[in-house]
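The values are calculated or read from the model by the stated rules, or taken from the named source; none is laboratory data. Keep in mind that what you see is a predicted model, and the values were worked out from it rather than measured. Counting neighbours? That spans all protein chains shown, and the Cβs are built from the backbone with ideal geometry, glycine included.
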Amino acid sequence: MTSKTRVIVGLSGGVDSSVAAYLLKQQGYEVIGVTMALWDGQYKSTGKHACYGSDEEEEIREARELAEKLEIPYYVFNCASEYKQSVLNYFRAEYLAGRTPNPCIRCNQLIKFGLLPAMAHKSGISFDYFATGHYARTGFDEKTGRRLLKKAVDAKKDQTYFIYRLSQEQLAKVLFPVGEFTKPEIKQLALKVGITTDDKEESQDFYGGDYKDLLQVNENPGNIVDSRGKVMGNHKGIWNYTIGQRKGLGIAYQEPLYVIGFNREENTVIVGTRAETFNDSFVINDLNWISIPYPRNPLDCTVKIRSAQKEREATIIPLDNGEARVNFFQPNDSIAPGQSAVFYSGDLVLGGGIIQPKT
């Protein structure tokens, strides 16, 4: 690595991306800060911190101040139109179809690690790598020639679930400087070098407002029923509910009830007891394999179906149509169609896909 190696760093105004830029500069890279502007003011926003919200101007100001402190160039690229088309429209379509989308995963794949570097390149900025403040690590398998995605050193802060859709081409040009550190170490380093920006939570919502604003739909009342079809209550639109939801059902029952499914044709929300939330199998499609090619034989690994959930042991069974079936060793709760299932082997991310509704 020479001093001429140039890296653009996605700055969010938070501690992790700020320290990432600092670390890269200390390592001798020529660092350039970049930020994607997403907010177009079309929707209402409470002002709470989110990737998409009205406080974006403040975050850009913080990122610009950090760049000045580090004495690095800084640029802002307007990605609002593409974000609306690729992320917001996807979010709306998935929710209205009764699925539970993960817009952060889609944004990382298409916008943050896709459009943002592409716009920087198109603007005339030459660079060798793109870096972010994600807690993750990369590697390379010389035997297979495949780029690898690995968990962060800090298992509690690992964010590989959110970036499992990165392609081999993207992984070849990405750096994750904070992935080799624990969160306390990053905080301590930030204080040591005088990075005083707010430490924004990684678990933030992607939108700083009411999801109903994004959906842009009128009420569509229907029934809430149990698994046998008995009417238990009513709703104002199935998009107000997600698989596994317990709060806000407005139903008095002898034990807690959870959303376990939807019937779009009948416009019903289906609820059940805790025991009814468990399943041991589901199908996934839109697969992205990272460390291995599409397997031809069953594969034992661990699987995570929500970012905050612990991995569970399972077998991945390839299907003829390019999809795969996941069979858990032990039943798992609240498997939500539309969400991502990510496969691991120790610290290695094997790949993942999108959970499909039961047929």
Strands (runs of 3 or more DSSP E) completely within segment 115-181 that count 2 or more residues being small (Gly, Ala, Ser)
136-141
Could you tell me which residue of segment 243-282 is nearest to Met232 (Cα to Cα), considering only residues that are of a type in the set (A, V, I, L, M) and surrounded by fewer than 20 Cβ atoms within 10 Å (Cβ to Cβ)?
Ile251
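Looking for whichever is more than 30 Å from Asn263 (Cα to Cα), part of a loop (DSSP other than H, G, I, E, B) and at pLDDT 90 or above here; the options are Ile60, Ile72, Ile8. Which one fits? Reasoning before the result, please.
Numbers: Ile60 fails: part of a loop (DSSP other than H, G, I, E, B); Ile8 fails: part of a loop (DSSP other than H, G, I, E, B).
Sole residue among the options that is more than 30 Å from Asn263 (Cα to Cα), part of a loop (DSSP other than H, G, I, E, B) and at pLDDT 90 or above: Ile72.
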Residues in segment 293-322 that are modelled with pLDDT of 95 or more, surrounded by 15 or more Cβ atoms within 10 Å (Cβ to Cβ) and either in contact with a His (Cβ under 7 Å, 6 or more places away or on another chain) or not in a strand (DSSP E or B) (or both) total 1
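Report whether or not Phe262 is under 26 Å from Gln159 (Cα atoms) and touching a strand residue (DSSP E or B) at 6+ places or on another chain (Cβ under 7 Å). So that I can check it myself, show each step before the final result.
Numbers: under 26 Å from Gln159 (Cα atoms): no; touching a strand residue (DSSP E or B) at 6+ places or on another chain (Cβ under 7 Å): yes.
For Phe262, the condition - under 26 Å from Gln159 (Cα atoms) and touching a strand residue (DSSP E or B) at 6+ places or on another chain (Cβ under 7 Å) - is not met.
Right, Lys192: in a helix (DSSP H, G or I), touching a helix residue (DSSP H, G or I) at 6+ places or on another chain (Cβ under 9 Å) and surrounded by fewer than 22 Cβ atoms within 10 Å (Cβ to Cβ) or not? Give the derivation first.
Details: in a helix (DSSP H, G or I): yes; touching a helix residue (DSSP H, G or I) at 6+ places or on another chain (Cβ under 9 Å): no; surrounded by fewer than 22 Cβ atoms within 10 Å (Cβ to Cβ): yes.
It is false that Lys192 is in a helix (DSSP H, G or I), touching a helix residue (DSSP H, G or I) at 6+ places or on another chain (Cβ under 9 Å) and surrounded by fewer than 22 Cβ atoms within 10 Å (Cβ to Cβ).
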